[in-house]
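A short worksheet on the structure shown next.
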Amino acid sequence: MKLRTSARPAAVLSRRTRPAGTHPNPGPASPAFPRARRLTRLPPYLFAEMDRRRRALLAAGHDVINLGIGDPDQPTPAFIRRAIAEAWKISGVHQYSPGEGTIEYRSAIAQWYRRVMDVEVDPRTEICAVIGSKEGIAHLPLALLEPGETVLVPEPGYPPYTSGAVFAGGRVHYMPLRRENGFLPDFEAIPSATLRRARILWLCSPNNPTGSVAPRAYLERLVAFARRRRILIGYDAAYYAIYAEERPCSILEIPGAKEVAIEFQSFSKTFHMTGWRIGWAAGRAEVVSALRDLKANLDSGPYMPIQHAAAEALRSGDAEAAKIRAMYRRRRDTAVAGLRRLGWEVTPPPATFYLWGPVPLRAGSTEFARRCLEEAHVVVTPGNGFGPSGEGYFRIALTVPEARLREAIVRLGKVKW
Ligand code: MLT
């Protein structure tokens, strides 16, 4: 499961010459309906692959502790469930939503920006509903990129930054995240020739998978750089609300950012709503407009009762969000203390519900994750699944209760590393 670090997407053998079964994502052996090249350029989706292995163990009767995908175990807060239970009874909500989202939903988002961070965002022109931030992130390059143009992607990073660029016929230039740089991309180090072709730079803060947070001063430098270079910042803020002490910045808080940035926000992690598929994009109006026009051709927006419940979450969810944050902080501290007792080197992340650390083993990430699964029945994500710079690391999602985290640590402690 490897991403390439070249400035170009992975090379693809021609359909005619590609020997069956040699590609990492070959699909069925029959050549009757070969996959499009754009799909064969990608490895199997990281979490789909891990889930297959987990299910096989479950089917064999094993008790598997899943610290793999970041999919919260706790239910969506009751007030949000109540909101949707009321909303679906309203006449007309079965019909198509405005593609960009209802004005009620977009206004709730604008009010949230004003209330939480004193930022003005126009709900009519600067906000678009998305069917989960993954959808918006993956589609943005289709709305903006010409074939052959470049997308700057942090690596290790969330796979849709790459898939979106590849599906749009773009090139990917990876920006390695290194511990010595606080796991932040060194955008000043990108060669000028690459910058001339670059249209979008992705930044994820709080960061999946490393848990790092981009400080305000870094974001100010990035915004100045993007304005100078005329590159759009795609800011993935899906973990915005999951922090231990200090609230992370939205890119839209940075003066001038709205000229060069689009922020993607999600309810998935903040309110345990992964399956609901709801989020938003907010930022520069012409970019939002391009995304809206693209999506008008692809989908018809989220189900209206979901938008209504999400709006309610923004209006009245601060206390619940704080409880959720506190829960993840407790889990983080339990897991860090337990893993350190095993001698593992883990640092408490300032945000997200992920622990990112070096594998306590000479072998690489893949072998480590395989042994966690097979010998301890604990799913951890191999760091190299997020890109080659993740080699030698693992990621643990704190998406099980503390008792299960303790049990996982006991099991991991019994493996002879
Ligand atoms: C992850 O585990 O990295 C995320 O949950 C994946 C996602 O949000 O799609």
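To keep it simple, each residue is scored yes or no on (1) farther than 16 Å from Asn66 by Cα; (2) within 21 Å of the chain's Cα centre (by Cα); (3) assigned by TED's automatic domain parsing to the domain that holds Tyr174.
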site: Lys323; (1), (2), (3): yes, no, no
site: Val336; (1), (2), (3): yes, no, no
site: Pro360; (1), (2), (3): yes, no, no
site: Arg370; (1), (2), (3): no, no, no
site: Tyr393; (1), (2), (3): yes, yes, no
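If the condition is being more than 30 Å from Ser365 (Cα to Cα), part of a loop (DSSP other than H, G, I, E, B) and either at pLDDT below 95 or not polar (S, T, N, Q) (or both), then region 62-90 contributes Pro75, Pro77, Trp88, Lys89, Ile90.
Being in contact with a Ser or Thr (Cβ under 6 Å, 6 or more places away or on another chain) and among the aliphatic types (A, V, I, L, M) is a description that does not apply to Ala351. Among the residues of region 148-191, those identified as of a type outside the set (Val, Ile, Thr), under 19 Å from Leu42 (Cα atoms) and part of a helix (DSSP H, G or I) are Pro160, Tyr161, Ser163, Gly164, Ala165, Phe167.
Within region 65-85, if we keep just the residues that are touching a residue at least 24 places away in the same chain (Cβ under 8 Å) and more than 16 Å from the ligand (Cβ to nearest atom), the residue that is nearest to Gly383 (Cα to Cα) turns out to be Pro75.
Selection within region 62-79: residues that are within 22 Å of the chain's Cα centre (by Cα) and surrounded by fewer than 18 Cβ atoms within 10 Å (Cβ to Cβ). The member of this set that is nearest to Asp299 (Cα to Cα) is Asp71. When Ser300 is evaluated against the numbered criteria (1) at pLDDT below 95; (2) buried (at least 19 other Cβ atoms within 10 Å of the Cβ), which criterion, by number, is the only one it fails? That leaves (2) as the condition not met. For region 110-152, give me each residue that is away from the ligand (no atom under 15 Å from the Cβ) and touching a His at 6+ places or on another chain (Cβ under 9 Å). Across region 110-152, the qualifying residues are Thr150, Val151, Leu152. Here's a check for you: in region 91-109, which residue that is outside any helix (DSSP H, G or I) and small (Gly, Ala, Ser) is farthest from the ligand (Cβ to nearest atom)? Across region 91-109, the extreme among qualifying residues is Ser91. Of the candidates Leu298, Leu361, the single residue that is in contact with a helix residue (DSSP H, G or I) (Cβ under 6 Å, 6 or more places away or on another chain) and of a type in the set (A, V, I, L, M) is Leu361.
Counting the residues of region 80-97 that are crowded, with 16+ Cβ neighbours inside 10 Å and out of contact with any Phe, Trp or Tyr (no Cβ under 9 Å at 6 or more places or on another chain) gives 2. Scan region 214-231 and tell me whether some residue there is within 16 Å of the ligand (Cβ to nearest atom) and on the phi < 0 side of the Ramachandran plot. Within region 214-231, none of the residues are within 16 Å of the ligand (Cβ to nearest atom) and on the phi < 0 side of the Ramachandran plot.
Per-residue answers, yes or no, for (1) within 22 Å of Asn297 (Cβ to Cβ); (2) of a type in the set (Val, Ile, Thr); (3) in the same structural domain as Pro358 (by TED's automatic domain parsing); (4) buried (at least 24 other Cβ atoms within 10 Å of the Cβ):
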{"residue": "Gly136", "(1), (2), (3), (4)": "yes, no, no, yes"}
{"residue": "Leu145", "(1), (2), (3), (4)": "yes, no, no, no"}
{"residue": "Ser163", "(1), (2), (3), (4)": "yes, no, no, no"}
{"residue": "Arg171", "(1), (2), (3), (4)": "no, no, no, no"}
{"residue": "Leu184", "(1), (2), (3), (4)": "no, no, no, no"}
{"residue": "Ala189", "(1), (2), (3), (4)": "no, no, no, no"}
{"residue": "Ala198", "(1), (2), (3), (4)": "no, no, no, no"}
{"residue": "Ser205", "(1), (2), (3), (4)": "no, no, no, yes"}
{"residue": "Thr210", "(1), (2), (3), (4)": "no, yes, no, yes"}
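The values are calculated or read from the model by the stated rules, or taken from the named source; none is laboratory data. Nothing here was measured: the structure is a model prediction, and the numbers come from that model. Quick reminder, even Gly has a Cβ in these numbers, built from the backbone with ideal geometry, and neighbours come from all protein chains shown.
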